[in-house]
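Below: one structure, written as structure tokens.
Rule-based calculations on the coordinates, nothing more; no lab input. Every value quoted in this text rests on a predicted model; they were computed, and no experiment measured them. Here the Cβ is made from the backbone with ideal geometry for all residues, glycine too, and neighbour counts use every protein chain on show.
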Amino acid sequence: MSRLFFRSSTFATLAAASFLSFTAHAADVTVSDAYARAMPTAGLNSAAFMMLHNNSDESIELIGAQSDVAKHVELHTHTHVDGVMQMRKVDGITLPAKGMAMLKPGDNHVMLIDLNAPLAEGDQIELTLKWSDNTQQTLSVPVKFAMPGNMPKEMKHEHSMKKEAHVH
Ligand SMILES: [Cu+2]
């Protein structure tokens with residue numbers, strides 16, 4: 001139930017010199033219930049999930065993510081193709097004005113591809129979110145065992161997808 005609150009002004013203070021103009025509310029996003037799925041083996045894939053609330057009057061788009069724990073980090077969604085759930089990369093995940101986006105198993109997620117080390121429950125990983133207004137936020141995200149109820153489907157899905165979907 002950790003609740004992480006970020007305002008774009010925090011980042012603006014750090015990087016004020018980099019930005020000539022700054023939209024005060026564009027990255028006014030609340031991140032809550034973030035977690036990454038535990039994965040016992042390096043070289044496999046994991047994913048991070050969270051709730052994103054946009055508190056501003058403008059829409060904003062999550063356009064990427066980055067983390068040192070994996071070789072590649074991508075934004076993904078799930079689609080049904082001929083009755084089979086498949087993951088695919090997306091360019092962005094939009095949060096409407098005063099709206100939200102839920103990153104959850106079987107839906108939008110941050111894909112952690114080719115882990116550099118196992119992710120053990122209780123670990124904290126750093127995950128940076130990149131936004132369409134050129135701001136970014138670095139979160140400290142706890143590693144948790146897969147949520148009850150989602151685990152069997154997700155585990156099976158992960159195994160069936162990991163080779164063909166993420167070759168670069
Ligand atoms: Cu994925």
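Selection of the stretch 48-93 for residues being farther than 25 Å from N134 by Cβ, within 15 Å of the chain's Cα centre (by Cα) and either surrounded by fewer than 21 Cβ atoms within 10 Å (Cβ to Cβ) or small (G, A, S) (or both) yields H78, R88. Note on the stretch 44-58: residues that are out of contact with any His (no Cβ under 6 Å at 6 or more places or on another chain) and part of a strand (DSSP E or B) amount to 7.
Within the stretch 90-133, the set of residues being among the polar types (S, T, N, Q) and either without any contact (Cβ under 8 Å) to a residue 40 or more places away in the chain or in contact with a Cys (Cβ under 9 Å, 6 or more places away or on another chain) (or both) comprises T94, N108, Q124. Take the conditions more than 20 Å from G106 (Cβ to Cβ) and within 11 Å of the ligand (Cβ to nearest atom) and apply them to H78. Does it pass? No.
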